[in-house]
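Enquirer: The structure that follows is given in the form of structure tokens.
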Amino acid sequence: MDIQVIKTEPYFDQICGTSGLRKKVSVFKQPNYLENFVQSLFNSLDGFEGKTLIIGGDGRYFNNQAIQSIIKLAIANQFGRLIIGQNGILSTPAASHLITKREAFGGIILSASHNPGGPNYDFGIKYDTADGAPAPQSLTDKITEHAKTIDHYWSVAIKDVKLSEIGEETIGNTVIEIVDSVKDYAEYMQEIFDFDAIRNLFKSGFKMHYDALNAVTGPYASYIFETLLGAEEGTVLNKTPLPDFGGLHPEPNLTYAKHFADMMYQDDAPDFGAASDGDGDRYMILGKKFFVTPSDSLSIIAKYMEEIPFYKGRFYGIARSMPTAPAVDSVAKSKSLPIYATPTGWKFFSSLLNAKKISLCGEESFGTGSFHLCEKDGIWAILFWLNIIAITNKSVQELTYDLWNEYGRTFTSTQSYEGLEIEPTNMMLDALKDKLESLEGQTFYNHKIVQTSIFNYTDPITGDEAKNQGYIIDFEDGRIFCRLSGTGSSGATLRMYYSCRTNRKELFSLDPVVALDDFIKAANEILQIKEFTGKDAPTVVT
Ligand code: G16
């Protein structure tokens, strides 16, 4: 087989964000753009020749075209085996699981996660290492360095590989194996959860709606919830992965999945509602006319963790990202477990999971996971909830009120301002940095600021440092945290995270945005968001 050396020129914007490289499709379609990045990735890795690479994606526009190019580069670069999800489909958690199960060298996942898809929207590529975890910063930095100087890549001139048929073929020195996208992951879920108990729950008349938002989880959810667990046909909505997600925004939250939340607030709503994002690593939980915040969901999973035999005696500790409201800290304390606060980005949990410092971790951005694999996992979290409901026979609302009655309620709201101009947004944050310290001792709307800081993180296992991960403003009775998103494909997105806690039961049913109103007003006054950005309201509130 002839290996071609293709001359190319660098692109200087191949810088990974919170989770891999995300750009508009039109950017990825530029000549050699994808190939440059993939060759730069291979140039950053050592010793993969003859080894296995997992490849799959969330099915969005450009998915399969990208996979065909990656196959050619991987063959030319001498990978021994490529394991590819049928029709190019693998959810992020399923890919992570396959990497460890098949002892692969790593895996390439094509997804821009919760960003919309289609010719005019976003595409993305990320790499997971042999432990099934997102590439660490040190590796993504290397890729960027290689991308800046790349002048050629290797490829082979072959016909496109048929991705629709399960089976194997050998091309050159590389075996190409097309696998069922769902089977291994579904088997693994059955090892973790009590499928008999959940099956009985559905048998007893329990009703659920799951919205796959026309993204990757449709086939997983249909097989697991309907076929294996006996939920009635029609439980899974929008179940066919479509290149443009059928026009839906594949982000499970109250803004972008409003149609689904509205359905769960009808009088005839089912007992349980759940949804996942583009690549299946995020999830949202709703009860009948009831929404569970990600930080409460994390806390409830923590509360019941050891009720699931898979985790019994293996609950080592909990981590949350710093912007995530500290609801789970009280649960950790009551169980005498260590709690860690990491920067935003799932990659920061991996070292803690691998070192068995934690068993559970989660984020305000609707991601939760455990040591079962090194990525966040939407369907796993939903199964966890179903298993808890099957054990306790309580509704989503009862489980959440139980948590608040025991630990108090932590109100939380993430407010994102999308589509901002970069320069004024940076100026606003520079101004905040300059006055941060002087805010200590000041009072806004009757709430006194006790401490401010810039969040810098040193990984307790690797010693790696991550600096300037956001601004913390701690009040006596609440907190404002802010940072810029690292997953957008254009402009800047400001994320404002608010939280405060109460033990007063008469306040438990308050709308979080109402409970947090003083802090939201304080943030607008301190940052002068409108003055700098021109926006007087966030675009997404969760
Ligand atoms: C990624 C990361 C998460 C992060 C989220 C939002 O998730 O893995 O850790 O919370 O992005 O990040 P940002 O606030 O920078 O936009 P995903 O689901 O997009 O891969």
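Enquirer: Of all residues in region 1-36, how many are in contact with a His (Cβ under 9 Å, 6 or more places away or on another chain) and of a type in the set (A, V, I, L, M, F, W, C)?
Expert: Total meeting the criteria: 2.
Enquirer: Going through Thr144, Thr129 one at a time, which residue ends up being among the hydroxyl-bearing types (Ser, Thr, Tyr), modelled with pLDDT of 95 or more, under 19 Å from the mean Cα position of the chain (by Cα) and buried (at least 16 other Cβ atoms within 10 Å of the Cβ)?
Expert: Thr129
Enquirer: Return the pairs, sorted by first residue and then second, in which the second residue is open to solvent by less than 70 Å² (accessible area, probe 1.4 Å) and part of a loop (DSSP other than H, G, I, E, B), the first residue lies in region 177-206 and is farther than 16 Å from Ala221 by Cβ and free of Cβ contacts under 8 Å to residues at least 40 places away in the same chain, the beta carbons are less than 8 Å apart, and the residues are 6+ apart or on different chains.
Expert: Final answer for the pair search is Lys203/Gly230.
Enquirer: Say we look at region 75-122 and pick out the residues that are in contact with a helix residue (DSSP H, G or I) (Cβ under 7 Å, 6 or more places away or on another chain), open to solvent by less than 10 Å² (accessible area, probe 1.4 Å) and among the polar types (S, T, N, Q); which of these is farthest from the ligand (Cβ to nearest atom)?
Expert: The qualifying residue farthest from the ligand (Cβ to nearest atom) is Ser91.
Enquirer: How about region 255-362: which strands (runs of 3 or more DSSP E) wholly inside it have at least 2 residues that are open to solvent by 10 Å² or more (accessible area, probe 1.4 Å)?
Expert: By residue number, 290-292, 339-342.
Enquirer: Taking the criterion of being touching a Leu at 6+ places or on another chain (Cβ under 8 Å), in the same structural domain as Asp281 (by TED's automatic domain parsing) and either modelled with pLDDT under 95 or not aliphatic (A, V, I, L, M) (or both), would at least one residue in region 222-231 satisfy it? Walk me through it before giving the result.
Expert: Step one: filter region 222-231 for residues touching a Leu at 6+ places or on another chain (Cβ under 8 Å), giving 224, 229.
Among the residues that remain, those that are also in the same structural domain as Asp281 (by TED's automatic domain parsing) are: 224, 229.
From what's left, either modelled with pLDDT under 95 or not aliphatic (A, V, I, L, M) (or both): none.
There is no residue in region 222-231 that is touching a Leu at 6+ places or on another chain (Cβ under 8 Å), in the same structural domain as Asp281 (by TED's automatic domain parsing) and either modelled with pLDDT under 95 or not aliphatic (A, V, I, L, M) (or both).
Enquirer: Still on this structure, I have one more. Taking only region 212-267 into account, find how many residues are closer than 24 Å to Pro119 by Cβ and not aliphatic (A, V, I, L, M).
Expert: Quick first cut of region 212-267, residues closer than 24 Å to Pro119 by Cβ only: 212-219, 238-252, 255-257, 259.
Okay, now just the ones that are also not aliphatic (A, V, I, L, M), so 214, 217-219, 238-241, 243-247, 249-252, 255-256, 259.
The qualifying residues number 20.
Enquirer: Let me ask you something else. Could you list all residues from region 289-331 that are among the acidic types (Asp, Glu) and in contact (Cβ under 8 Å) with a residue 60 or more places away in the chain?
Expert: Result: Asp296, Glu307.
Enquirer: Without any contact (Cβ under 8 Å) to a residue 60 or more places away in the chain and of a type in the set (Val, Ile, Thr), is that true of Ile529? Spell out how you get there, then give the answer.
Expert: Numbers: without any contact (Cβ under 8 Å) to a residue 60 or more places away in the chain: no; of a type in the set (Val, Ile, Thr): yes.
Here the answer is no, as Ile529 does not meet what is asked.
Enquirer: Kindly establish whether Ser299 is over 22 Å from Leu201 (Cα atoms), more than 16 Å from the ligand (Cβ to nearest atom), among the hydroxyl-bearing types (Ser, Thr, Tyr) and at pLDDT 95 or above.
Expert: yes
Enquirer: Checking Tyr316 against (1) under 17 Å from the mean Cα position of the chain (by Cα); (2) under 29 Å from Gln190 (Cα atoms), which test does it fail?
Expert: Going through the list (1) under 17 Å from the mean Cα position of the chain (by Cα); (2) under 29 Å from Gln190 (Cα atoms), Tyr316 breaks only (1).
Enquirer: Restricting attention to region 193-202, does a residue exist that is modelled with pLDDT of 95 or more, part of a loop (DSSP other than H, G, I, E, B) and open to solvent by 30 Å² or more (accessible area, probe 1.4 Å)?
Expert: yes
Rundown of residues vs (1) within 11 Å of the ligand (Cβ to nearest atom); (2) surrounded by fewer than 17 Cβ atoms within 10 Å (Cβ to Cβ); (3) farther than 27 Å from Tyr445 by Cβ, yes/no style:
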{"residue": "Thr462", "(1), (2), (3)": "no, yes, yes"}
{"residue": "Asn468", "(1), (2), (3)": "no, yes, yes"}
{"residue": "Glu476", "(1), (2), (3)": "no, yes, no"}
{"residue": "Ser490", "(1), (2), (3)": "no, yes, yes"}
{"residue": "Thr493", "(1), (2), (3)": "yes, no, no"}
{"residue": "Tyr498", "(1), (2), (3)": "no, no, no"}
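Enquirer: Which pairs do you get when a residue that is not assigned by TED's automatic domain parsing to the domain that holds Arg102 and within 14 Å of the ligand (Cβ to nearest atom), found in region 358-374, comes within reach of a residue that is at pLDDT below 95 and assigned to a strand (DSSP E or B), reach meaning Cβ atoms under 8 angstrom, with the pair 6+ apart or on two chains?
Expert: Going by the 8 Å Cβ cut-off, there are no qualifying pairs.
Enquirer: OK, next. Looking at (1) within 15 Å of the ligand (Cβ to nearest atom); (2) closer than 26 Å to Tyr256 by Cβ, can you tell me which one Ser350 breaks?
Expert: All conditions are met except number (2).
Enquirer: Same structure again: Just to be sure before I move on: is Asp160 more than 16 Å from the ligand (Cβ to nearest atom) and over 29 Å from Lys183 (Cβ atoms) in the structure I sent?
Expert: no
Enquirer: Scanning for something under 30 Å from Leu228 (Cβ atoms), open to solvent by less than 90 Å² (accessible area, probe 1.4 Å) and out of contact with any strand residue (DSSP E or B) (no Cβ under 9 Å at 6 or more places or on another chain), does region 168-185 turn up at least one residue?
Expert: Among the residues of region 168-185, at least one is under 30 Å from Leu228 (Cβ atoms), open to solvent by less than 90 Å² (accessible area, probe 1.4 Å) and out of contact with any strand residue (DSSP E or B) (no Cβ under 9 Å at 6 or more places or on another chain), which makes the answer yes.
Enquirer: Something else: So, restricting to strands (runs of 3 or more DSSP E) that lie completely within region 70-172, which ones have at least 2 residues that are within 30 Å of Trp380 (Cβ to Cβ) and either in contact with a Ser or Thr (Cβ under 9 Å, 6 or more places away or on another chain) or outside the structural domain of Phe366 (by TED's automatic domain parsing) (or both)?
Expert: On the way: elements: 81-89, 106-110, 122-128, 152-156, 167-171.
Answer list for region 70-172: 81-89, 106-110, 122-128, 167-171.
Enquirer: For residues in region 365-381 being over 10 Å from the mean Cα position of the chain (by Cα) and outside any strand (DSSP E or B), which is surrounded by the most Cβ atoms within 10 Å (Cβ to Cβ)?
Expert: If we filter region 365-381 for residues that are over 10 Å from the mean Cα position of the chain (by Cα), which is where we start, we get 370-374, 379-381.
Filter once more, keeping what is outside any strand (DSSP E or B): 371-374, 379-381.
On the way: Phe371: 19, His372: 21, Leu373: 26, Cys374: 26, Ile379: 25, Trp380: 25, Ala381: 28.
Applying the filter and picking the extreme gives Ala381.
Here is a yes/no grid of residues against (1) under 30 Å from Ile99 (Cβ atoms); (2) open to solvent by 10 Å² or more (accessible area, probe 1.4 Å); (3) more than 16 Å from the ligand (Cβ to nearest atom); (4) modelled with pLDDT of 95 or more:
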{"site": "Leu383", "(1), (2), (3), (4)": "yes, no, yes, yes"}
{"site": "Ile389", "(1), (2), (3), (4)": "no, no, yes, yes"}
{"site": "Glu406", "(1), (2), (3), (4)": "no, yes, yes, yes"}
{"site": "Glu421", "(1), (2), (3), (4)": "no, yes, yes, yes"}
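The values are calculated or read from the model by the stated rules, or taken from the named source; none is laboratory data. It should be emphasised that the depicted structure is a prediction, and the values quoted were computed from it without experimental measurement. Every residue, glycine among them, receives a Cβ derived from its backbone with ideal geometry; neighbour counts consider all protein chains shown. Side chains are part of the model used for accessible areas, which takes the heavy atoms of the whole protein and leaves out ligands, DNA and RNA. Shrake-Rupley method; radii C 1.70, N 1.55, O 1.52, S 1.80 Å.
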